[in-house]
Amino acid sequence: IEALNHKARIHGAGAMPVDPGQSEAMPAGAPGKVERVLIADDERGLRWFLRGELEDLGCEIIEARDGLEAWELARQYMPNLIVTDYMMPEMDGITLTRKLREHEGMAQCPIVLVTARADDATRIEALQAGVTDFLTKPFTVSELRVRVRNLLDGQRYQSELDVRNRELAEALEEIRENEARLVQAEKLSSLGRMSAGIVHEVNNPLNYAKTAIHALKMYTDDLPDEER
């Protein structure tokens, strides 16, 4: 029953687990890839409300009933964005954020903290933990949609930028390798020219000495034995 309940909380076609090693190869917003959002809140009504609004944005939704379940689902499904309540059983939203920021695969994932506490101390604590944005209760549907869409677009642009940077880095490395090969080829060519010059300079006196020795030999052949 628990397994069925867990499966029922995963919305979207198939909702198959994502291999963390594949998350880099399929950046958020890539063609044919649905953006995945994890909603973590212990209030069932608020989860359903958030799910309905974000599904209208075309997002695939994963639901967690508390912070600990959100931590497990985040590592398993590698969402593109997380909307988490501040006060939850097992693990609060700020503790969840700190743990996610320490996880290599989720360190850059945008996290929206939903809270009724709008005091400066709470905001500073959340920002220090790594929260990306806030939704202060009560919030409007338009505010929710705009904040989520902006964060998803920002992550998509960052992912695209990361891909371009990797491509540029690979191209630069290839240029450096080609440059190194050209320098090596030029060095070998220069060495060959220098070797040819040395051989030429050595060959001239050797030829002269060889000719002189031959001349001496012919000359000595004509001398009497006592003069040789």
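Just a few scattered comments:
- The residues Ser189, Ser159, sorted by heavy-atom accessible surface at 1.4 Å with ligands and nucleic acids left out, run Ser189, Ser159 from largest to smallest.
- Ranked by the mean number of other Cβ atoms within 10 Å of their residues, highest first, the peptides 211-218, 87-94 fall in the order 87-94, 211-218.
- Here's the thing: no lysines lie within a cross-link span of Lys33, going by alpha-carbon distance under 17 Å and ignoring same-chain residues fewer than 8 apart.
- Solvent accessible area, Å² - Glu186, 1.4 Å probe, full protein context: 100
- Degrees between helix 67-77 axis and first principal axis of the chain (Cα, 0 to 90, nearest 10): 40
- Gain on full extension, evaluated as 0.36 nm per residue between Gln158 and His200 minus their Cα-Cα distance, stands at 8.9 nm.
- Virtual spin-label span in nm between Arg193 and Ser142, 7 Å along Cα→Cβ: 7.4
- Principal-axis analysis of the Cα atoms of the chain puts helix 141-221 at an angle of about 10° to the longest axis.
- Only DSSP H runs of four or more residues enter the estimate; each adds -39500 (n - 2.57), and after division by the residues of the chain the mean residue ellipticity at 222 nm equals -20000 deg cm²/dmol.
- For the options Val34, Val202, Val141, a Gaussian network treatment of the chain with springs between C-alpha atoms closer than 10 Å singles out Val202 as fluctuating the most.
- Cβ-defined net charge surrounding Leu135, 9 Å radius [Lys, Arg +1; Asp, Glu -1]: 0
- The residues of the chain expose, per residue, 62 Å² of accessible area to a 1.4 Å probe.
- Among (i) 129, 41, 31; (ii) 63, 43, 34; (iii) 106, 36, 26, the entry that matches Cα extents along the principal axes in Å as calculated here: (i)
- Straight-line cross-link reach from Lys187 at under 19 Å between alpha-carbon atoms covers these aspartates and glutamates, not counting any fewer than eight positions away in the same chain: Glu177, Glu179.
- Euclidean distance between Cα centres, region 133-204 to region 88-110, Å: 32
- Of all accessible heavy-atom area on the chain, the percent that carbon and sulfur account for (1.4 Å): 56
The values are calculated or read from the model by the stated rules, or taken from the named source; none is laboratory data. Not measured: the values here are computed from a predicted model. Glycine also receives a Cβ, built like all others from the backbone with ideal geometry; neighbour counts cover every protein chain displayed. Keep in mind that these areas ignore ligands, DNA and RNA; they rest on the heavy atoms of the full protein, side chains included. Shrake-Rupley method; radii C 1.70, N 1.55, O 1.52, S 1.80 Å.
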